[in-house]
1. Carbon-plus-sulfur fraction of the accessible area of the chain, 1.4 Å probe, in percent?
2. Given Cα pairs under 8 Å that are at least 6 residues apart, what percent is the relative contact order of the chain?
3. Which value in nm describes the separation of the simple spin-label points at Ala56 and Ala21, placed 7 Å from the Cα toward the beta carbon?
4. Suppose we take every Cα in the chain and form the convex hull; what volume per residue is that in Å³?
5. If Lys and Arg each add +1 and Asp and Glu each add -1, what is the summed charge of the other residues whose beta carbon sits under 12 Å from the beta carbon of Pro12?
6. How many percent of DSSP beta bridges within the chain run antiparallel, rounded to 5?
7. Can you give me the C-alpha center-to-center distance between the stretch 48-97 and the stretch 8-42, rounded to a whole angstrom?
8. Give me the dipole magnitude in Debye, nearest 20, for the chain about the Cα centre, with unit charges on the beta carbon: positive for Lys and Arg, negative for Asp and Glu.
Amino acid sequence: MRVGARRINLAPDADIVRVVADHPGVDLVLVVWPGRDPVAQAMTEAAIGPLAVAAAPAARINAVIPAAGAGEDRVAAAVAYLAAAHAVTGQLLGVGT
């Protein structure tokens, strides 16, 4: 049985495909902090589903998308939820302020 997932905070210039490829077979919750230009943000968000399909069934790939000003406590709660939700993959969870 899997236990949780690894949290990775994506830097604004991070290549999401490379980050996932660097962690084969590992359940990931990617935190996509604000700071990308709108096109890069859209591409990053759009990549979550296909990356999850490619990683399945060996791993789950999910993401938390904090709004500007979202507190770390809310982000951590969202990450904890996705890490514990063993039947959830390919999802983006927005976190507000």
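The values are calculated or read from the model by the stated rules, or taken from the named source; none is laboratory data. Nothing here was measured: the structure is a model prediction, and the numbers come from that model. Ideal geometry is used to build each Cβ from the backbone, glycine not excepted, and the neighbour counts take in all protein chains shown. Side chains are part of the model used for accessible areas, which takes the heavy atoms of the whole protein and leaves out ligands, DNA and RNA. Shrake-Rupley method; radii C 1.70, N 1.55, O 1.52, S 1.80 Å.
1. Ligands and nucleic acids excluded, carbon and sulfur give 63 percent.
2. 32 percent
3. Label at Ala56, label at Ala21, 2.2 nm between them.
4. That works out to 81 Å³ per residue.
5. The answer is -2.
6. Bridges in the chain that DSSP calls antiparallel: roughly 0 percent.
7. 11 Å
8. The dipole of the chain has a size of about 260 debye.
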